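Report on one structure; see the data block that follows.
The values are calculated or read from the model by the stated rules, or taken from the named source; none is laboratory data. As the structure is a prediction and not an experimental result, all values here were calculated from the model. Reconstructed Cβ throughout: ideal geometry from the backbone, glycine too, with neighbour counts over all protein chains shown. We work out accessible area using only protein heavy atoms, side chains counted, and drop any ligands, DNA or RNA first. Shrake-Rupley method; radii C 1.70, N 1.55, O 1.52, S 1.80 Å.
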Amino acid sequence: MEYKVVVDYDLCESNAVCMQVAPDVFEVRDDDFLYLLNETPDPQARSRVDEAQQRCPKQAISVVEG
């Protein structure tokens, strides 16, 4: 099933927890900003994306089905 990753950059503190869990989807660069590398990752990445969403301390990550 297709899904889309959405980041609320107003909430995000770029603490890189998501990057530790799913480095192919999220990246915090030297400028200390989070970058969404792939907003529609493969289904195989879904469990890691879900974990990143759950572990985000600011709840800045959401997943939209469809």
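The residues in segment 5-17 that are surrounded by 15 or more Cβ atoms within 10 Å (Cβ to Cβ) and in a strand (DSSP E or B) can be counted, and the count is 2.
Annotation: GLU65 fulfils all but one of (1) without any contact (Cβ under 8 Å) to a residue 60 or more places away in the chain; (2) open to solvent by 90 Å² or more (accessible area, probe 1.4 Å); the unmet one is (1). Scanning segment 25-35 for residues that are open to solvent by less than 80 Å² (accessible area, probe 1.4 Å) and out of contact with any Asp or Glu (no Cβ under 8 Å at 6 or more places or on another chain) yields VAL25, PHE26, GLU27, VAL28, ASP31. Just one of (1) open to solvent by 80 Å² or more (accessible area, probe 1.4 Å); (2) free of Cβ contacts under 8 Å to residues at least 60 places away in the same chain; (3) not in a helix (DSSP H, G or I) fails for GLN20. It is (3). On the stretch given as segment 23-66, residues that are outside any strand (DSSP E or B), more than 10 Å from the chain's Cα centre (by Cα) and acidic (Asp, Glu) total 4.
Count of segment 23-52 residues, restricted to those that are closer than 15 Å to GLU65 by Cβ and touching a residue at least 24 places away in the same chain (Cβ under 8 Å), is 6.
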